[in-house]
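Laboratory data are not the source of any read-out in this text; all were calculated from the coordinates shown. Note that the structure is a prediction, hence the values are computed from the model and not measured. Using ideal geometry, Cβ is built from the backbone for each residue, glycine included, and neighbour counts are taken over all protein chains shown.
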Amino acid sequence: MTEAQAYDTDVFVDMIEAFRDLQATLCLVAPPPEATTELTATIEDVTNRLKEFEAPEGDRVARELGLRGIGHPVLVPYQATDMSDTGMLGSVTFSYAHMGSTNTVHGGVITMLFDDVLGMFVSRKGQPNSRTAFLKVNYRNTTPVNRELRMTASIDKIEGRKTFVTGTLSDGDIVCAEAEALFVQLLPGRP
Ligand SMILES: CCCCC/C=C\C/C=C\C/C=C\C/C=C\CCCC(=O)SCCNC(=O)CCNC(=O)[C@H](O)C(C)(C)COP(=O)(O)OP(=O)(O)OC[C@H]1O[C@@H](n2cnc3c(N)ncnc32)[C@H](O)[C@@H]1OP(=O)(O)O
């Protein structure tokens, strides 16, 4: 992302937010067929318009590092509120787009959040250019949608290219899920 493009980042996040609203709304509706057909054409028009702005990797805004999940249409948006060399605190609110069964979050989405949060933390405070080797998630309680939840991440051990991390996702005093993961730094020259 170049300096000149930085100004547009907020505007892009507005578009991603609108897209997220669309995803969540899609999970709540039961439109009749005629309206569905009409709306499908509208969505296709938007997609075709966006295709005019396809850009090479590195120039694409969706995964610009400063934005993290906030700037990506599929990842879960979260805020890192505090970060030290070994620990991180954050907050996240899942939407209806992330719902599995009634008002609770789909387990796979929780795993994706952990991968992103722990991976980001390892890249910032552990070893950059690492990949997830394993990620184990324990679902301790159901996770509510539309509620601000707390996340933690900590680096437990670094051994050579290996960074071992753990994370939690909590609703007040209730632990919703816990994760432990290994990230391995890529050898030089490895794509
Ligand atoms: C939704 C779209 C998202 C798009 C994201 C795009 C870009 C991200 C941008 C910026 C990044 C910033 C932040 C990061 C944010 C998120 C992170 C997401 C990360 C991922 O989502 S990434 C995709 C999923 N991930 C894979 O696709 C990995 C496939 N895999 C491999 O690429 C190799 O497998 C690798 C590299 C893991 C290791 O390969 P290698 O050849 O370098 O090393 P080697 O095998 O020798 O292992 C060395 C030592 O690790 C031990 N070890 C290895 N694997 C182990 C295991 N599973 N369990 C226990 N120990 C293990 C060995 O036992 C040995 O240990 P020791 O040295 O003690 O003997």
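Details
- Full extension of the chain segment joining Thr36 with Leu50 gains 2.9 nm, where the gain is 0.36 nm per residue of separation less the Cα-Cα distance.
- Principal-axis analysis of the Cα atoms of the chain puts helix 107-125 at an angle of about 50° to the longest axis.
- Computed from Cα atoms, the angle from the helix 33-51 axis to the main principal axis of the chain rounds to 60 degrees.
- Ranked list, fewest to most other Cβ atoms within 10 Å of each Cβ, for Glu180, Glu44: Glu44, Glu180
- Using alpha-carbon coordinates, inclination of helix 9-26 to the longest axis of the chain, degrees: 70
- Cα centroid separation - segment 125-140 against segment 79-119, whole Å: 13
- The modelled label-to-label distance between Arg124 and Asp156, using points 7 Å beyond Cα along the C-beta direction, is 2.1 nm.
- Amide N proximity, segment 126-143 versus Ser101 label position 7 Å along Cα-to-Cβ, cut-off under 11 Å: 142
- Selection of GluC sites (Glu not before Pro), segment 52-157, meeting DSSP coil and at most 10 other Cβ within 10 Å: Glu52, Glu54, Glu57
- Placing +1 on each Lys and Arg Cβ and -1 on each Asp and Glu Cβ, with no other charges, gives the chain a dipole about its Cα centre of roughly 940 debye.
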